[in-house]
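**Student:** One structure coming up, written as structure tokens, with questions to follow.
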Amino acid sequence: MLPEITQKLLAAKQEKGMSFVDLEKAVGRDEVWIAAVFYRQASASQAEAEKILSAIGLPTTLAPELTECPLKGLGPVVPTDPLIYRFYEIMQVYGMPLKSVIHEKFGDGIMSAIDFTLDVEKEEDPKGDRVKVIMSGKFLPYKKW
């Protein structure tokens, strides 16, 4: 079940006939980041929250709900939504190989999910359109002490 604020945001966005790309133009932030705010996986500043709410016609009195630090993640269960599950499956199959390749190229560390960008592109293909997901995160080496 989606949080009540998420339901309100999505309903208002649909009622206005807006896409996340439209909101990107109105707010000046990436469409994926704005979607993360909608789904309470990111927090907005007061000014960003007000821009989002104004763009979709909701009262700015809801801004505190968008500026709170959210509880992030899908929870402890395996996702059941087919699209989200595929990302889970990708990590199950390619997680260890990806980790090995990153360690070979960068050393012992992780890719930041804080200093991070995520872009989604549509690649037209005669055999069927393709989803291109581009993740870019700062490499953070583990400290030695």
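This table checks each residue for (1) touching a strand residue (DSSP E or B) at 6+ places or on another chain (Cβ under 8 Å); (2) outside any loop (DSSP other than H, G, I, E, B); (3) surrounded by 11 or more Cβ atoms within 10 Å (Cβ to Cβ); (4) acidic (Asp, Glu).
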{"site": "PRO97", "(1), (2), (3), (4)": "no, yes, no, no"}
{"site": "MET111", "(1), (2), (3), (4)": "yes, yes, yes, no"}
{"site": "PHE116", "(1), (2), (3), (4)": "yes, yes, yes, no"}
{"site": "GLU121", "(1), (2), (3), (4)": "yes, yes, no, yes"}
{"site": "PRO126", "(1), (2), (3), (4)": "no, no, no, no"}
{"site": "VAL133", "(1), (2), (3), (4)": "yes, yes, yes, no"}
{"site": "PHE139", "(1), (2), (3), (4)": "yes, yes, yes, no"}
{"site": "LYS144", "(1), (2), (3), (4)": "no, no, no, no"}
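**Student:** What residue, among those in segment 65-89 that are closer than 24 Å to GLN14 by Cα and in contact with a helix residue (DSSP H, G or I) (Cβ under 8 Å, 6 or more places away or on another chain), is surrounded by the fewest Cβ atoms within 10 Å (Cβ to Cβ)?
**Tutor:** LEU74
**Student:** Please tell me if ALA55 is in a helix (DSSP H, G or I), modelled with pLDDT of 95 or more and either of a type in the set (Phe, Trp, Tyr) or within 21 Å of MET135 (Cα to Cα) (or both).
**Tutor:** no
**Student:** Let me ask another. Which of the following residues is more than 28 Å from LYS13 (Cα to Cα), outside the structural domain of LEU9 (by TED's automatic domain parsing) and of a type in the set (Asp, Glu): ASP129, ASP108? Break it down stepwise before answering.
**Tutor:** On the way: ASP129 fails: more than 28 Å from LYS13 (Cα to Cα).
That would be ASP108, the only listed residue that is more than 28 Å from LYS13 (Cα to Cα), outside the structural domain of LEU9 (by TED's automatic domain parsing) and of a type in the set (Asp, Glu).
**Student:** Would you confirm, using the coordinates I've provided, whether LEU58 is under 27 Å from GLU15 (Cβ atoms), among the hydrophobic types (A, V, I, L, M, F, W, C) and surrounded by 10 or more Cβ atoms within 10 Å (Cβ to Cβ)?
**Tutor:** yes
**Student:** Looking only at segment 58-109, which residues are of a type in the set (Ser, Thr, Tyr), at pLDDT 95 or above and more than 22 Å from the chain's Cα centre (by Cα)?
**Tutor:** Once the filter is applied, which keeps residues that are of a type in the set (Ser, Thr, Tyr), at pLDDT 95 or above and more than 22 Å from the chain's Cα centre (by Cα), segment 58-109 yields THR60, THR61.
**Student:** Only residues in segment 66-80 that are under 14 Å from LEU2 (Cβ atoms) count as the first member; pair them with residues that are surrounded by 10 or more Cβ atoms within 10 Å (Cβ to Cβ) and of a type in the set (Lys, Arg), Cβ under 6 angstrom, at least 6 apart or cross-chain, and list the lot.
**Tutor:** Matching pairs, first to second residue: PRO70/ARG40.
The values are calculated or read from the model by the stated rules, or taken from the named source; none is laboratory data. All values derive from a computational prediction rather than experimental measurement. So basically every Cβ, Gly included, is an ideal-geometry build from the backbone, and we count neighbours across all protein chains shown.
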